[in-house]
Each structure stands twice: as C-alpha cells, then as structure tokens.
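Engineer: I'd like to ask some things about the structure below.
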Amino acid sequence: MCGIIGYIGKKPAFPALLSGLKRMEYRGYDSYGFCVLNNEKEPFFHKKVGKISEAEPELLNLEVKGNIGQAHTRWATTGAVTDQNAHPHWDCKKNIFLIHNGIIENHKDLREKLIKEGHEFSSETDTEVLSHLVEKYLDGNLEEALQKTLREVRGTYGIVLLAKDDPQKIVTARLSSPVILGIGQDEFLVASDPSAIITHTRQVINLDDNEIAVLKPDNFFILKEKPTVSIEWTPEEADKKDYPHFMLKEIMEEPETIENAIRGRLMPEEGTVKLGGLDKVAERLKDINKLILVACGTANYASRVGKYMLEEYAGIPTSVDIGSEFRYRKPIIDENTAAIFVSQSGETADTLAGLKEMKKKNVLTIGITNVVGSTQSRETETGVYTRSGPEIAVASTKAFLGQLSTLAMFAVYFGRQRNMSLVMGKRVVSELSKLPELAKSILNLAPDIKKLAEKYKEFENFWFIGRKYNFPIALEGALKLKEISYLHAEGVAGGELKHGPLALIQDNFPTIAICTSDSVYEKMVSNIEEVKARGGPVMAIATEGDERIKELVDDVIYIPKTLEMLTPILSVIPLHLFAYYMADLLGRNVDKPRNLAKSVTVE
Ligand code: F6R
C-alpha cells in the first residue's frame, strides 16, 4: 500500500530517494518522508502531508548530504493523515529511523507496554512501536535488535531501518509485504516496488517472508544465499511518454497487451495453446474437476468472465471468490480441486491470504500474475504471466485485458484436455489471434467516445448492464467510472433490472448497455426496452452491422464481431475510454484517484 525505498552507495542518497518516491507515488500518496544519514552531522529528516510531485521543486532546492537514506510514501491506515504520522518514525533518542509498509495488528498492546516502560510516542501510527522496540533491544547490533523486535509483532511488514549510531548500514525485513533488493554498480537499493529502483539497476533479489537483509556500502548479506533475477520492464515502459495520463497510455496499450499475452502461446494447427506453467502440471490437471478462482476488484471481474469461459469450453465447474471473502469461508475442496489466483500486482493481501489457506490444504495453486517475481508468482505452485508490462495508473485497465486473454487460453487448454474438439480449438485460437487488430480498431473511436463523455458528464448516476459474458464487463465499466470520476455507477445483470433497479430509472439516470450480437442479444434488447419505456437514456455497446439497435437507443458505440466468449476482451475497451474521458473532463486526478492506492497490500 505504502511505498518504501532505501539507498546505500557512493552517490548522494537524496536524489535517488526522491526520484524513487516519485516513481512509486501511485502506490500511496497522502504524505511522504525522508531520512538521510550523514557522518559529519545530524541526520536529515523531513516528513509532510502532501504529494511528492507537488513538493518536488522545493525539495530539489534542499542541500542534503549523505549516501545512506530511506524514504516513504504513505497511504494512511492507522492514524490520520498528518505530518507526525508520516514516516519515518523514530525512537525516544532520535537514533532509530524506520519506515514500514504493512500493518502491526498488536500495536495497541505493544504501545501500552512500551509507554509503561517509559517510551514516549510522537505519532498515532502502528509503525512507531517498531522504532521503540528496536531501541529497547538495541545492544550494538541493529539486525539482531530488529530480529528480536519482529518476534514480538503480529501483522505484515516491509521495513527499512537506519540508525544514526550505525551509519554504514541499512537493515530490511519482510513478512507478506513486498521487499526487493536492487544490486547496482557501487550501490544497493531496497524498495517495495521495482519501479522505484529501475533507473539504477534491473538486477534484483526478492526477499522472502521472515528474511532480514543487511546492506552496507560495498556488500550485503541475507540469512541465506539467493539468486538474482532480472526485471523484465525497461524504464521507458514505466514512463508516461507524451500521454497526459498513464491511464490513457495504458488503455492505448491494450491491443499490445493482448498480443503480448498470446505471443508464442497459440498453436493454430493443434487447436490448442502452450502455457509452460500449466504444462509442468499437465498430468495433474487432467484429474481436476473443480476450479476456484480467487481475485479482487477488476481482477475478480476478469475471473467472472473466466468462469463463463471455463464452464462453457472446458466443462469444469468453476466458482469465483473475492479474496477478502474467500479467506473467511469454508470452501468445499478435495484432491481434484485447483485454485487459480488472478492478480496484476501479485501482492494483493486479500488474494494472498486465500492462497496461503489453499496451500495449507494441499490444493494445487496456480497464479495468473502480471508482476514477475511478485509474492503471488513465487508462492503459487505454478502459474502463467500475463506479460502486460508495468501498470502505473491506480485504475487497472490493460492488465484486465491481459487477464482475460490468459483466462481464454486457460479455457482452451483445459477444454482440449477434455471434450473440446479440434475444430472448436482451432476456431477459438484463430479468433484469439485476431483480437489485437480488432482492439486497435476500437481505439480509433477514442474521439467519438470523448464526445459522448462530453454529453454524459452532466449526469451523476449510471447503470451498466450486460448479460452472460458481458455481465462482468458491466461491473467493470461501473467500477472504472466510479473510481476515477467519483460519479455513482452500478453494474447489474440485465435480467436483474426488473427485480429492483428499474425503480431508479428516469430521464436523469442513464444506462450503458453492452448489447453485442450473441446468444443473449434478444434478452438484452428487451432489457433496453424496459429502460427506454421508463424514460431512461441509453448508450449501447453493440456489434458492427447491428442497425436495429440504433432505432432503440440514444447513442451506440460499435465494436467488431468476434466469438461470444471473446467479446468481453473488446467490449471493455470503449468502457475504459469512456471512464477515462469522463474523469478527465470533470477535472479528476485520473491516475491517482482519491482514497485509493495501487497494490493493496493490507487486509
Ligand atoms: C480497479 C483496480 C482494483 C484492482 C484490485 C486487485 O481499477 O485496480 O480493483 O484490480 O485491487 O489488484 P491486483 O490485480 O493487483 O490483485
């Protein structure tokens, strides 16, 4: 949730920390803070409420000496958004400086105990107990003090720790919050997010749960030897280029995202797909007769589309769970159940909690993940990367396309292992291969969609309706609109309108209807008629060539024809553009909507 970074090396630490923080600001951004150690005088520390990008010009004027430091960007969980609650947090002597991503669940008890022992607190945060515990246990060795501290805490953490009395060292630790070590030329970095360090190095080590690492100016050690891996993204990919917002850039990359997801994986002659991660467990997969998909938010909607695909094409009973609910229910599983976890970041705490639970029960766990080396990709038994590249805007767009394309390939893979015919396999594979071009043609409609946003931005409430494969797309369209434009939007299955939502329909409550030419077209037309009969304006997403719909609705966006199971991959693109333009026209902070953060690493 929060972003953490540490730097130790030959160069000045402050510029590295500042640029790292800026690159991570999308993760959490109500306040920020720095500490830089300096051999000659007192450490520099500075923490404040506000956005790092806005404070940057002022910060660039500061003369900050020192080659070792830490920085943090906060998304408040415990304690209000105030300067005092921003990180770093220190001990009574201002010797220990600590930044933290995660939650310390037993912080209240620890705080009470520490206060009784004479410690004085200066913030309301859970994190501050860590600084005082390190102070309590510090007896010449910082890493040992942190080790003892962590034995007392319950919760999750990615920590970067400095001590003024030991200024040649950074100590870092993790439990269920991401921490990577960057191995650069004459410098080492530690961060919660690859984008923070990518301009320094692409050689990283992923710290595992319960590991502690110590970084010194010319060496580092972890409790056990670990191989380095390469970050696959280039710094340019994580750049906005000439786009006004990352979100628009990422929507414009959607055709490429589909292409990357399917590249080298389609086998047109055999009518199947090659997914290395699944091949590894191919024999076990043949016996699977129940699938559980677990994911949150947008990834959950992708999974709901996946359920329709897997049940129709592979014939496997499939359930979909929201991560935060799954962890508290008692799923019925047996040795023939597999659980698939879908996540862009691979760090979503609620999804990871479900994964832990399934591992305990020996269920085969499979990841559909974007971020290479993320916790989900390492903790699942096997998995498939969506290869969507870095997604920086808080609202997920292109990653959704990567997830849908991957799930469609899963349906083919499982289907061909079972009853799907060669002819049907060839058909789906062939239609999948055409999607990038079809998606590109939808992007050409961007100016028309912007004009529609001009018209619809006057409204404050929206229904999104769809059926079957496009029901989850209605949910996704509504989520995207509400999270970045702050307008009220609800997604509902078209058939559900008459069971309640119709009561709200009037001329100031438009409906966005996904009404593509497929097996539920006539049913959707009836639902649209129900809305029109009550005076509600309707904008439809329809299939090219459908003239009838024009007579029925106020506005139409046409998308090209594809197989019914693949329509969501196209129908969602105009909805992403629509949400983007609405939010932009309303002057919203599109890439960083209020109250939200990318990668939700707390429960
Ligand atoms: C919505 C959005 C969120 C994420 C959700 C899961 O636009 O971005 O709903 O989809 O927080 O995140 P990941 O996919 O990283 O697990």
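The values are calculated or read from the model by the stated rules, or taken from the named source; none is laboratory data. Model, not experiment: these values are computed from the prediction. Cβ coordinates were reconstructed from backbone atoms using ideal geometry, including for glycine residues, and neighbour counts include every protein chain displayed. Please note that ligands, DNA and RNA were not included when accessible areas were found on the heavy atoms of the full protein model with its side chains. Shrake-Rupley method; radii C 1.70, N 1.55, O 1.52, S 1.80 Å.
Engineer: Can you tell me which lysines have their Cα less than 20 Å from the Cα of K41? Leave out same-chain residues fewer than eight positions away.
Structural biologist: K41 reaches K10, K11, K65, K93, K94, K164, K169, K216.
Engineer: Based only on Cα atoms, what Rg/Rh ratio does region 394-511 have, Rh being taken as Kirkwood's radius?
Structural biologist: With Rg and the Kirkwood Rh in hand, the quotient comes to 1.05.
Engineer: If you don't mind, there's one more thing I want to ask. Probe radius 1.4 Å, ligands and nucleic acids ignored: give me the carbon and sulfur share of the accessible area of region 3-231 as a rounded percent. It would help to have the intermediate numbers written out before the result.
Structural biologist: Numbers: 4410 of 9190 Å².
It is 48 percent, rounded to a whole number.
Engineer: Separate question: Amide H of L293: which non-local residues (sequence gap of 5 or more, or other chain) have their own amide H closer than 5 Å, using H built in the peptide plane?
Structural biologist: S319, V320, D321, I340
Engineer: In 10 Å bins starting at zero, report the fraction of Cα pairs in region 1-144 per bin as a rounded %.
Structural biologist: P(r) for region 1-144, in whole percents per bin: 12, 42, 35, 11, 0.
Engineer: Taking the alpha-carbon distance from K356 and a cut-off under 24 Å, which lysines remain once sequence neighbours fewer than 8 residues away in the same chain are dropped?
Structural biologist: Within the straight-line limit of under 24 Å, K356 reaches these lysines: K224, K226, K280, K286, K290, K307, K330, K598.
Engineer: Ratio of alpha-carbon Rg to the 2.2 N^0.38 Å globular estimate for region 168-208, to two decimals, please. Don't skip to the answer; put the middle values down first.
Structural biologist: Values: Rg = 9.9 Å, N = 41, 2.2 N^0.38 = 9.0 Å.
Normalised Cα radius of gyration, region 168-208: 1.09.
Engineer: For region 358-372, what does the Karplus curve 6.51 cos²θ - 1.76 cosθ + 1.60, with θ = phi - 60°, yield as ³J(HN,Hα) per residue in whole Hz, taken in order and with x for Gly and Pro?
Structural biologist: 5, 5, 4, 8, 6, 7, 5, 10, 10, x, 10, 9, 8, 7, 5
Engineer: What is the Cα coordinate range of the chain on the first, second and third principal axes, sorted by size from largest, in whole angstrom?
Structural biologist: 77, 56, 44
Engineer: In Å, the Kirkwood hydrodynamic radius of region 230-316 over pairs of distinct alpha carbons?
Structural biologist: On the way: mean 1/r = 0.0614 Å⁻¹.
In region 230-316 this quantity evaluates to 16.3 Å.
Engineer: What fraction of the Cα pairs in region 324-454, stated in percent, has a spacing above 25 angstrom?
Structural biologist: Working: 3433 of 8515 pairs.
Taking all Cα-Cα pairs of region 324-454, the fraction more than 25 Å apart is 40 percent.
Engineer: Ordered by residue, what ³J(HN,Hα) values in Hz, to whole numbers, does region 49-59 give under the Karplus form 6.51 cos²θ - 1.76 cosθ + 1.60, where θ = phi - 60° and Gly and Pro are x?
Structural biologist: Result, rounded to whole Hz: 6, x, 9, 4, 5, 6, 7, 3, x, 5, 5.
Engineer: Please state the relative contact order of region 501-560 as a whole percent: Cα pairs under 8 Å, 6+ residues apart? Walk me through the intermediate numbers first.
Structural biologist: Values: 94 pairs, mean separation 20.8, N = 60.
Value for region 501-560: 35 percent.
Engineer: If you don't mind, there's one more thing I want to ask. Between region 320-349 and region 182-212, what is the separation of their alpha carbon centroids in Å?
Structural biologist: Between the Cα centres of region 320-349 and region 182-212 lies a distance of 29 Å.
Engineer: Using the alpha-carbon atoms, what tilt in degrees (0 to 90, nearest 10) does helix 471-485 show relative to the longest principal axis of the chain?
Structural biologist: So the helix axis and the longest Cα principal axis differ by about 50 degrees.
Engineer: Next question, about the same structure. Relative to the compact globular guide of 2.2 N^0.38 Å, what is the alpha carbon radius of gyration of region 239-437, as a ratio? Walk me through the numbers before you get to the answer.
Structural biologist: On the way: Rg = 16.2 Å, N = 199, 2.2 N^0.38 = 16.4 Å.
Its radius of gyration relative to the 2.2 N^0.38 Å reference: 0.98.
Engineer: Quick one: compute the contact order of the chain, relative version, from alpha carbon pairs under 8 angstrom and 6+ residues apart, as a percent. Provide the component values of the computation, followed by the final result.
Structural biologist: Values: 1357 pairs, mean separation 73.1, N = 603.
Relative contact order, the chain: 12 percent.
Engineer: For region 80-97, take each phi angle, set θ = phi - 60°, evaluate the Karplus expression 6.51 cos²θ - 1.76 cosθ + 1.60, and give the result in whole Hz per residue in order, putting x for glycine and proline.
Structural biologist: Each residue of region 80-97 in turn: 5, 7, 9, 4, 4, 7, 5, 8, x, 10, 10, 9, 5, 8, 6, 9, 8, 10 Hz.
Engineer: Further question: Based on Cα coordinates alone, diagonalise the gyration tensor for region 445-593, multiply each eigenvalue by 5, take square roots, and list the semi-axes in whole Å, largest first.
Structural biologist: Working from the Cα gyration tensor, I get semi-axes of 22, 18, 14 Å.
Engineer: Counting only residues 5 or more places away or on other chains, whose amide H sits under 5 Å from the amide H of G184 once H atoms are built in the peptide plane?
Structural biologist: Answer set, sorted by chain and number: L189.
Engineer: If amide H atoms are built 1.01 Å from N in the plane of the peptide, which residues on other chains or at least 5 residues away come under 5 Å of the amide H of L596?
Structural biologist: Residues meeting the criterion, in which the H sits 1.01 Å from N, do not exist here.
Engineer: Per residue, how much accessible surface does the chain expose to a 1.4 Å probe? Answer in Å², no decimals.
Structural biologist: Computed with neighbouring chains in place, this is 38 Å² per residue.
Engineer: Right, next: I'd like the antiparallel share, as a percent to the nearest 5, of DSSP beta bridges with both residues in the chain.
Structural biologist: Numbers: 58 of 98 bridges.
For the chain, the DSSP antiparallel bridge percentage is about 60.
Engineer: Binning at 5 Å from 0, report for region 167-245 what percent of all alpha-carbon pair distances ends up in each bin.
Structural biologist: 3, 15, 25, 24, 15, 9, 5, 3, 1
Engineer: Straight-line reach only, C-alpha to C-alpha below 19 angstrom: list the aspartates and glutamates that K434 could link to, leaving out same-chain residues fewer than 8 apart.
Structural biologist: Answer for K434, where 19 Å is the Cα cut-off: E253, E254, E256, E259, E269, E270, D518, E544, E564, listed by chain and number.
Engineer: Quick one: putting +1 on the C-beta of Lys and Arg, -1 on the C-beta of Asp and Glu, what dipole do you get for the chain around its Cα centre, in Debye to the nearest 20?
Structural biologist: Values: 75 positive and 85 negative charges, 139 e Å.
Using only the charged Cβ atoms, the result is roughly 660 debye.
Engineer: Roughly how many percent of the accessible protein surface of region 239-437 is carbon and sulfur, given a 1.4 Å probe and a whole-percent answer? Numbers along the way, then the final one.
Structural biologist: On the way: 3680 of 7440 Å².
Heavy-atom surface of region 239-437 belonging to carbon and sulfur, 1.4 Å probe: 49 percent.
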